[in-house]
Amino acid sequence: MLTRLTISTPRREVLQEITEAVAEVVRNSGVASGVCYVIVPHTTAAVTLNEAADPAVSTDTINYLAELIPREGLWLHAEGNSDAHIKASLYGHSAIVPIEDGELVLGNWQGIYLAEFDGPRQRLVLVKIIAG
Amino acid sequence: MLTRLTISTPRREVLQEITEAVAEVVRNSGVASGVCYVIVPHTTAAVTLNEAADPAVSTDTINYLAELIPREGLWLHAEGNSDAHIKASLYGHSAIVPIEDGELVLGNWQGIYLAEFDGPRQRLVLVKIIAG
Amino acid sequence: MLTRLTISTPRREVLQEITEAVAEVVRNSGVASGVCYVIVPHTTAAVTLNEAADPAVSTDTINYLAELIPREGLWLHAEGNSDAHIKASLYGHSAIVPIEDGELVLGNWQGIYLAEFDGPRQRLVLVKIIAG
């Protein structure tokens, strides 16, 4: 089972929560036990797990990364988004969440995020489920 | 099969090796061929693979990260651990290790580490095995 | 199925594309639907997905990382490659790509890269396929 979700991101850099959309795919799959992979097939966006309770965590993260890897710089890549490519590779393009009793096994504080580094855009998120 | 390991970390920031505990779960599973996922369901800790031979590698890593992402700063998140959230997302919450002949397939120098960025604490590590 | 690829890297730090070699393993497997894991069993190399169209993206990435995590420094690890260990852990040792209709599901711009941080060397890349 490979499900494609379309997510619209509102600005250039944002951690956008997608936990509920992924959880719904898992519930609809009918798989009781297995693994769920959340994947972005993009090179300037990523997937991460982080605290969903306080939105300040996402803001701190985005602000910190913007300072660490500035958009402007002596980049060779002429499209002006080398910072986004580097951030995406550092964050990684996938997250792995176990499935137990038909539900995602997430920690109390964990949410699943699409990490947008070069929006606003429409992004694709792949949700792949393996039973076992 | 989803196994929960409880790991106590001794200080705020440490790479704590858990290779042997994960290897034991794999051996007990009786799975000859497949994939082992090592996952932390936390937002201020991570999982990584790194050199297990020289403990100076872990020390260099922790010291470097502490300098790159300082605990004190103009963080919005009021709990004083934004640095830990950012480090955890950069490191990632999971590691993937193939299983062959009933054993983890690790490189000669690789060990599996729980990366603690906001301890000391008791942490949960999930070990999920898929046969195939 | 666990396939071992041997990859020669030409210099100390380079993102070396291995998309075609991985795609061939997937085609030879005969698996129509599943997941492909690309894994390096090393501690100073990593796996990442990034833009394959413009080689300047790889150059920008390598140059940026070399500046962020300098090879020379007050490192405790005596082998002179602590920078490579830290970069490898930040990038991660694996990539996950779904398989659909017998082919890797990659985005238009995505390529699979071995990230070499302490070459030139011969490196092993593990390609593990799970059907499902």
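The values are calculated or read from the model by the stated rules, or taken from the named source; none is laboratory data. As the structure is a computational prediction, the values presented were derived from the model and not from experiment. As a convention, Cβ positions derive from the backbone with ideal geometry for all residues, glycine included, and neighbour counts pool all protein chains shown. Note: areas computed on protein heavy atoms with side chains; ligands, DNA, RNA excluded. Shrake-Rupley method; radii C 1.70, N 1.55, O 1.52, S 1.80 Å.
Looking at this structure, is residue C:48 under 13 Å from the mean Cα position of the chain (by Cα), over 18 Å from residue A:93 (Cβ atoms) and either assigned to a strand (DSSP E or B) or of a type in the set (S, T, N, Q) (or both)? The answer is no for residue C:48.
Among residues of the stretch A:77-86 being part of a loop (DSSP other than H, G, I, E, B) and buried (at least 16 other Cβ atoms within 10 Å of the Cβ), the one that is nearest to the chain's Cα centre (by Cα) is A:81.
Of the residues making up the stretch A:96-116, those that are more than 7 Å from every other protein chain (Cβ to nearest Cβ) and part of a strand (DSSP E or B) are A:97, A:99, A:103, A:104, A:111, A:112, A:113, A:114, A:115, A:116. Cβ-Cβ contacts under 6 Å between residues 6 or more apart (or on different chains), taken from a first residue in the stretch A:53-76 that is open to solvent by 60 Å² or more (accessible area, probe 1.4 Å) to a second residue that is among the polar types (S, T, N, Q), are listed as A:76/C:59. Screening residue C:70 against (1) part of a strand (DSSP E or B); (2) more than 9 Å from every other protein chain (Cβ to nearest Cβ) leaves a single unmet condition, (1).
Is it the case that residue B:89 is touching a strand residue (DSSP E or B) at 6+ places or on another chain (Cβ under 8 Å) and open to solvent by 20 Å² or more (accessible area, probe 1.4 Å)? No, not satisfied. For the stretch C:120-132, name all the residues that are open to solvent by 10 Å² or more (accessible area, probe 1.4 Å), within 26 Å of residue B:100 (Cβ to Cβ) and away from chain A (no Cβ under 12 Å). Within the stretch C:120-132, C:121, C:122, C:124 qualify. The residues of the stretch B:15-47 that are within 12 Å of chain A (Cβ to nearest Cβ) and open to solvent by 10 Å² or more (accessible area, probe 1.4 Å), listed by number, are B:29, B:31, B:41, B:42, B:43.
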